[in-house]
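Visitor: Below is one structure. I have some questions about it.
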Amino acid sequence: MYNRQLTTFLQVVDSGSFHKAAEGLYISSTAVIKQINALEKHLDLKLLDRTNHGVTLTPPGEVIYRHAKAIIDYSDKAVQEARLLAAEADTTFCVGTSILNPCKPFMDLWYQVSHRLPGFKLHIVPFEDDHQGILGEISALGEKFDFLIGACDSRQWLDRCNFLPLGVYHHCVAVPREHPLARKEKLTIEDLYGQTLMMVKRGDSSSVDQVRTFVEAHPAITIEDTPQFYDMEVFNRCVKTRQPLMTLDCWREVHPSLVTLPVDWAFTIPYGILYTLHPDRDTLRFIQLVKEQTARRGKST
């Protein structure tokens with residue numbers, strides 16, 4: 001941070017000579033003289049009067065001497081603080097969270113394995129659910145945040161990240177609270193006859209494609225394509241148009257005006273941890289701990 005020649009300057013003044021300063025610094029007297037000459041040239045100031053009996057400070061030299069120790073001390077503290085911050089950053093996992101991709105399932109896992117990662121902390125990074133910007137958020141794994149957790153079998157997502165499956169969510173149907181179907185506890189496919197069902201278009205998600213194939217086999221149901229990735233505007237449109245919306249059981253609390261209903265089918269989508277395509281050692285260590293934890297949990301059930 002500071003000019004290291006200041007250290008040599010202080011040693012010369014405290015020692016009273018170039019020779020004694022050289023002994024204290026374990027360098028040659030010539031090297032000490034060169035450093036002092038370079039410092040004086042850099043500052044454009046004469047700092048020392050040199051005699052056969054040693055060196056004494058000039059008036060400008062007295063000012064520099066008086067402040068030099070404070071400068072060095074302040075610089076050392078700044079470097080120490082920066083190093084502590086860097087060390088903290090190296091031991092902090094950043095976890096993304098949004099309305100549709102909340103980090104709570106990740107937090108539940110974290111508290112199960114964190115005792116095996118002493119010194120590590122979590123930092124929650126919020127982001128917006130935007131169907132046009134979500135691919136950018138996925139691509140930011142490893143930079144903006146280390147982990148996301150959510151439903152994923154999108155080919156576009158999986159081209160941009162690694163994915164550790166943890167379980168499945170169930171495909172459901174959401175309707176406005178005043179919709180006639182909202183009074184039902186569970187839907188059948190026949191309940192959707194005569195309805196326009198909003199759902200993601202075919203081609204990016206194998207689980208969605210399976211549902212579409214099943215729904216398309218019932219021509220009494222009209223399908224309206226939604227954007228490839230959901231955001232709040234999709235749920236708002238469901239409320240506005242009063243059309244049923246294909247959704248997931250994990251999103252039942254996303255919109256207060258909607259009721260999420262199970263359907264008499266067995267369609268699911270995997271959910272899990274998303275992380276960068278190029279994970280560092282600490283990320284891989286956490287992922288391995290999660291794998292071990294989920295394996296133990298699977299054996300105990």
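The values are calculated or read from the model by the stated rules, or taken from the named source; none is laboratory data. What you see is a predicted model; the values in this text were computed from it and never measured. Reconstructed Cβ throughout: ideal geometry from the backbone, glycine too, with neighbour counts over all protein chains shown. The protein model used for the area step is the full one, side chains on, heavy atoms only, and it has no ligands, DNA or RNA in it. Shrake-Rupley method; radii C 1.70, N 1.55, O 1.52, S 1.80 Å.
Visitor: Closer than 19 Å to residue 131 by Cα and crowded, with 18+ Cβ neighbours inside 10 Å, is that true of residue 260?
Guide: In short, no.
Visitor: Let me ask another. Within the set of pairs 6+ apart or on separate chains, which have a first residue in region 194-208 that is at pLDDT 95 or above, a second that is of a type in the set (Phe, Trp, Tyr) and open to solvent by less than 50 Å² (accessible area, probe 1.4 Å), and C-beta atoms under 7 Å apart?
Guide: The qualifying pairs are 207/267.
Visitor: Output the residues belonging to region 145-158 that are surrounded by fewer than 18 Cβ atoms within 10 Å (Cβ to Cβ), of a type outside the set (D, E, K, R) and over 11 Å from residue 275 (Cα atoms).
Guide: Across region 145-158, the qualifying residue is only 156.
Visitor: Scan region 254-301 for residues that are within 30 Å of the chain's Cα centre (by Cα) and of a type in the set (A, V, I, L, M) and jot them down.
Guide: Within region 254-301, 254, 269, 273, 274, 277, 284, 287, 289, 290, 295 meet the criteria.
Visitor: Let me ask something additional. Check off (1) open to solvent by 40 Å² or more (accessible area, probe 1.4 Å); (2) in contact with a Gly (Cβ under 8 Å, 6 or more places away or on another chain); (3) modelled with pLDDT under 85 for residue 46 and give me the number that stays unchecked.
Guide: For residue 46, the failing item is (3).
To keep it simple, each residue is scored yes or no on (1) within 21 Å of residue 250 (Cα to Cα); (2) modelled with pLDDT under 80.
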| position | (1), (2) |
| --- | --- |
| 56 | no, no |
| 91 | no, yes |
| 94 | no, no |
| 98 | yes, no |
| 102 | yes, no |
| 111 | yes, no |
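Visitor: Now for a different question. For region 1-25, give me each residue that is out of contact with any helix residue (DSSP H, G or I) (no Cβ under 6 Å at 6 or more places or on another chain), farther than 23 Å from residue 75 by Cα and not charged (D, E, K, R).
Guide: 16, 17
Visitor: So, one more: Tell me, yes or no, whether region 273-292 has at least one residue that is among the hydrophobic types (A, V, I, L, M, F, W, C) and closer than 17 Å to residue 196 by Cα.
Guide: no
Visitor: Right, next: Go through region 55-79 and report how many residues are small (Gly, Ala, Ser) and either on the phi > 0 side of the Ramachandran plot or surrounded by 14 or more Cβ atoms within 10 Å (Cβ to Cβ) (or both).
Guide: Residues meeting the conditions: 3.
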